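Here the structure is laid out as structure tokens; the discussion comes afterwards.
Computed from the coordinates by the stated procedures, all read-outs in this text should not be read as laboratory data. The shown structure was predicted, so the numbers you read here are calculated from the model rather than taken from an experiment. FYI the Cβ positions are ideal-geometry reconstructions off the backbone, even for glycines, and counts take in every protein chain you see.
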Ligand code: GRF
């Protein structure tokens, strides 16, 4: 019998990536959804699916260290195999990140290493890039810089606003995050000596994405 991986999801708000993960039929046991924000919309979504929810309110803690200690206590109580950040909007201390090294992943709405940090769609429009996207990566102490597991690219179209671009990227987030977690749950992901991700048996991407389309 396969032992299902235990997954803890951390959110701060809407929770649409969390919902994509919960609905993907993954070989996983979602042990809880934890939020730093008691008003996070995703908490109700998780509860409606019968997933236990936990709030560790960052405002109730005097320092980042104190919050991360409380968060680690809540996470450790669940004994998860993987900690999955899904729109979790707090910067984590090096101690917290180190505690879950190789076991914590994040989704970021840009093609890293371009546009780490906040307002990525604004950053992409300002930079005038033709292709934008999203990245699932392992979490390391440097913000939005860990080993990349999977990325998806979308075109930036004439007339795009932050909202239209964000929606196009989000649709891809909802595809690649469940895929990345599935690979992890199936024990197919390792990090090589150079610090790059290797995925056993992953399909070979074919073709290229060009944007704008070429005339010939
Ligand atoms: C997503 O775009 C995610 O990549 C970013 O924050 C957003 C969260 O959306 N980190 P949701 O809460 O998953 O709907």
In degrees rounded to 10, the 0-90 angle between helix 64-78 Cα long axis and the longest Cα principal axis of the chain is 80
Between residue 193 and residue 47, Cβ-based FRET efficiency (R0 41 Å, step 0.05) works out to 0.45
Rounded to whole Å, √(5λ) for the Cα gyration tensor eigenvalues of segment 1-100, largest first, gives 22, 16, 11
Only helices counted: for the chain, with every DSSP H run of 4 or more residues adding -39500 (n - 2.57) and the sum spread over all residues, [θ] at 222 nm is -9500 deg cm²/dmol
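Using only the Cα atoms of the chain, construct the convex hull and provide its projected area averaged over every direction, in square nanometres to one decimal.
Values: hull surface 54.8 nm².
Hull-based average projected area comes out at 13.7 nm².
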With Rh as the Kirkwood radius over Cα pairs, segment 150-216 has Rg/Rh of 1.07
Neighbour-count ranking for 3, 11 (other C-beta within 10 angstrom, fewest to most) reads 3, 11
Relative contact order of the chain (C-alpha contacts under 8 Å, at least 6 apart) in percent is 18
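Pull up the DSSP beta bridges for the chain and report the antiparallel fraction as a percent, rounded to 5.
Values: 14 of 31 bridges.
Percent antiparallel among DSSP bridges in the chain is about 45.
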